[in-house]
């Protein structure tokens, strides 16, 4: 399940841990779209909310160029069980 938290209305999903548990109990993964991460940066951590994957767009959070790591790319963080599936090379 892919989510943005806070959502596109600017509302923080108060039941995110319960949502993560439902997804994980069904064998799924929770993907965090970091589009609104700047709203909770240093206040909340996606991993603590139950997300398994997070991608960021640094142009919104740190006023960097679109993609953060070059055209069509940006920082991606994953939990340990997904590391083998990351594209190579890992920088």
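General remarks:
- The residue that is modelled with the highest pLDDT, counting only those in the range 18-61 that are surrounded by fewer than 12 Cβ atoms within 10 Å (Cβ to Cβ) and more than 22 Å from residue 83 (Cα to Cα), is 18.
- Scanning the range 62-87 for residues that are farther than 18 Å from residue 20 by Cβ, assigned to a loop (DSSP other than H, G, I, E, B) and at pLDDT 65 or above yields 74, 75, 86, 87.
Here is a yes/no grid of residues against (1) touching a strand residue (DSSP E or B) at 6+ places or on another chain (Cβ under 6 Å); (2) touching a residue at least 40 places away in the same chain (Cβ under 8 Å); (3) within 17 Å of residue 75 (Cβ to Cβ):
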residue: 2; (1), (2), (3): yes, no, yes
residue: 8; (1), (2), (3): no, no, no
residue: 15; (1), (2), (3): no, no, no
residue: 20; (1), (2), (3): no, no, no
residue: 26; (1), (2), (3): no, no, no
residue: 36; (1), (2), (3): no, no, yes
residue: 40; (1), (2), (3): no, no, yes
residue: 47; (1), (2), (3): no, no, yes
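The values are calculated or read from the model by the stated rules, or taken from the named source; none is laboratory data. Computed from a prediction, not measured in an experiment: that's the story for all the values here. Here Cβ is always computed from backbone atoms with ideal geometry, including for glycine, and neighbour counts include all displayed protein chains.
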